[in-house]
1. Need the failing condition index for LEU162 against (1) surrounded by fewer than 17 Cβ atoms within 10 Å (Cβ to Cβ); (2) more than 18 Å from SER51 (Cα to Cα); (3) under 26 Å from the mean Cα position of the chain (by Cα), just the number.
2. Scan the stretch 254-266 and report the pairs whose first residue is part of a helix (DSSP H, G or I) and whose second residue is of a type in the set (S, T, N, Q), with Cβ atoms within less than 6 Å and a gap of 6+ or a chain change.
3. I'm trying to understand the selection: among the residues of the stretch 202-223, which are open to solvent by less than 80 Å² (accessible area, probe 1.4 Å) and more than 20 Å from ARG285 (Cα to Cα)?
4. Just to check your reading of the model, which residue among ARG296, ARG320 is touching a residue at least 12 places away in the same chain (Cβ under 8 Å) and not in a loop (DSSP other than H, G, I, E, B)?
5. Which residues, taken from the stretch 249-282, are of a type in the set (Gly, Ala, Ser) and either under 17 Å from SER363 (Cβ atoms) or open to solvent by 30 Å² or more (accessible area, probe 1.4 Å) (or both)?
6. ARG285 passes all but one of (1) within 21 Å of the chain's Cα centre (by Cα); (2) in a helix (DSSP H, G or I); (3) buried (at least 16 other Cβ atoms within 10 Å of the Cβ); which number fails?
7. Of all the helices (runs of 4 or more DSSP H) wholly in the stretch 180-234, which have at least 2 residues that are in contact with a Pro (Cβ under 6 Å, 6 or more places away or on another chain) and of a type outside the set (Gly, Ala, Ser)?
8. Checking LEU35 against (1) under 16 Å from GLY149 (Cα atoms); (2) within 16 Å of the ligand (Cβ to nearest atom), which single condition isn't satisfied?
Amino acid sequence: MKDLARKYRPRSLSDIVGQPVVVQTLSNAIKNNSLHHAHLFVGQFGSGKTSLARILAAMENCSVSPGIKPCGKCEICKKIFNGIHTDVREIDAASSAGSAEDIRKLKTSARYNPVDGCKVKYYILDEIGRASPTAGDALLKLIEEPPAGVKFVLATTEVQKLRPAIQSRCQRHDIRKIYWGEIAERLKVVAKKEKVEVEDTAINICARLAQGSMRNGLQNLEKLSDYVGDSILTGKAADELFGSVDETLLYELFDYLIGLKSSKIDTSSGLQVINKILQTGVEFRIIYQNLVEYLRNMVVMLTASNPFEFIDVSQEGKRRLKEQCIVCQKKQKHKALFHIQSALNEAKQSVDLNMSAEHALQSWYVRSVIVYNDSNL
Ligand SMILES: [Zn+2]
């Protein structure tokens, strides 16, 4: 698997995952021939803003099948999707077009007719929020009175830095973070196309760690494939690579916390497990995420009639969760779990304020055991 993020970059609106509102708005506009002359895409890094901008340009300029599904194969499409078409200029506003002088130059060049077969010229201005204030003035004028046959796509991660006057002249599209389940579905399809065998647990780890970005998800999958070589991409390998807490340790920790192994209150065994977890070298951030996830799973176990529809763990994980759930249910410990969660959030804040992960986790654990055994909770 090589360069997956590039290879599987969307080339038409139907390839876009997790953005139904944007896709529907742009589909309708292209069908009704009413595409706005200036679009503003707002979203985090890797959310697909540039891909969307290229798709817009290709939908209007493809020489074979312009419209909702550009061919992706004609010379124009190929150049657009490689970011090298002369009539579809991609400009990093944070650097090259950051000055007013650059925008003025752009204004002059925008007046000329397309030179390489396009019907509509596109200017894709990335990181527009970081352009200088004078460049903003020049850009505003340009967008207010755009030359005929020219369209603009502005993209930014920091919309608050973009002047309201510019924002109001664009059609704004917010690119939301993609739900990890949707990323996982796409990664499965990609793995199949690449003829790579991969366990669902591994796919899920790649997708969850993608922070809502398909590009990150694909990069995680590629990294995992590089790591395991020719063998199957397993959940265990993903754990090793991305540093999740070994799930056995996690269940062991909660076995002690909820007194599944002994009814006597003794925090030493649990504290030993915490040390073991820390010795594996996993970052606190990941340990925190895994603990949050565990607590969330347990609350779902306690409250849902069909919990495994919403919980995604291994077979062994399901068995352990069921076992622990029975204990919590017997003792009516729903409320205590919420207090344990709050204590965990406080531990995270302490680490953010430079307390050592070891100290914070140990305090959290001891506090959790006390809370769990408090008969009032
Ligand atoms: Zn084409």
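The values are calculated or read from the model by the stated rules, or taken from the named source; none is laboratory data. Since this is a predicted model, take the numbers as computed values, not measurements. Positions of Cβ are generated from backbone atoms using ideal geometry, with glycine treated the same way; all protein chains shown enter the neighbour counts. SASA here: full protein model, heavy atoms, side chains in, ligands and nucleic acids out. Shrake-Rupley method; radii C 1.70, N 1.55, O 1.52, S 1.80 Å.
1. Unmet for LEU162, out of (1) surrounded by fewer than 17 Cβ atoms within 10 Å (Cβ to Cβ); (2) more than 18 Å from SER51 (Cα to Cα); (3) under 26 Å from the mean Cα position of the chain (by Cα): (1).
2. As it stands, the answer is PHE254/GLN324; TYR256/SER269; LEU257/SER368, since those pairs meet every condition given.
3. Result: ILE203, MET214, LEU218, LEU221, GLU222.
4. Working: ARG296 fails: touching a residue at least 12 places away in the same chain (Cβ under 8 Å).
After applying the criteria, what remains is ARG320.
5. In the first step, residues of the stretch 249-282 are kept if they are of a type in the set (Gly, Ala, Ser); the result is 259, 262-263, 268-270, 281.
Of everything in the stretch 249-282, those that are of a type in the set (Gly, Ala, Ser) and either under 17 Å from SER363 (Cβ atoms) or open to solvent by 30 Å² or more (accessible area, probe 1.4 Å) (or both) turn out to be SER262, SER263, SER268, SER269, GLY270, GLY281.
6. Of the numbered conditions (1) within 21 Å of the chain's Cα centre (by Cα); (2) in a helix (DSSP H, G or I); (3) buried (at least 16 other Cβ atoms within 10 Å of the Cβ), the odd one out for ARG285 is (3).
7. Per the criteria, no element qualifies.
8. Unmet for LEU35, out of (1) under 16 Å from GLY149 (Cα atoms); (2) within 16 Å of the ligand (Cβ to nearest atom): (2).
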